[in-house]
Amino acid sequence: ILMDDVDCLLVKLHALPAETSGTEPVVHPFDPELGRLLDIALRNNPQLDVPRSELAVLAARTRQAGAALDPMLSFELMDTPAPLPVRPGNIEGTGASLGIEQEFQSYGKRGLKRKIASVDEALKELDLAQMEQDLMLEVANAYYDLLRAAAKHPALEDNLELMRILAETGERRL
């Protein structure tokens, strides 16, 4: 259990810094200001940090998925009544053992693990790309709503000026 926790921690540490999905913003060339806003939104949105980190973890797991298992070394000292150093032949019931183990999996299983991990990574990458596209759409809509409101502002001022002129004209005639 401890080794699983350490492996999980190593995978997370290996995955830093977080990777992005690589989605390039599609921006109309006549509007560089919107392009800058999209770039700022993609780089600084905290909602994308978690999926990017998860993608980085999955990428690290994919790289490790098809690797051979680590060898194991074990040492065991049993029934030692006397302090060390003890010669194993002198005292009855004293024993020591040293072991090295290596598990081997067929390449088909390792390849299948790698394929499953790469599919998981691809799904997370598509999910992140969708989140980035949704964010870009939201920013673009807000940008054009702001432009629409800014374009209406001078027209409203002109309408107010026209209403003042009409009111003054009406007062003179009255």
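The values are calculated or read from the model by the stated rules, or taken from the named source; none is laboratory data. These numbers come from a predicted model, not from an experiment. Quick note on the areas: whole protein, heavy atoms, side chains included, nothing else; ligands and nucleic acids left out. Shrake-Rupley method; radii C 1.70, N 1.55, O 1.52, S 1.80 Å.
The set of residues in the range 100-133 being acidic (Asp, Glu) and open to solvent by less than 100 Å² (accessible area, probe 1.4 Å) consists of Asp120, Glu121, Glu125, Asp127, Glu132. Yes or no: the range 95-103 includes at least one residue that is assigned to a loop (DSSP other than H, G, I, E, B) and at pLDDT below 75. Scanning the range 95-103 turns up no residue that is assigned to a loop (DSSP other than H, G, I, E, B) and at pLDDT below 75.
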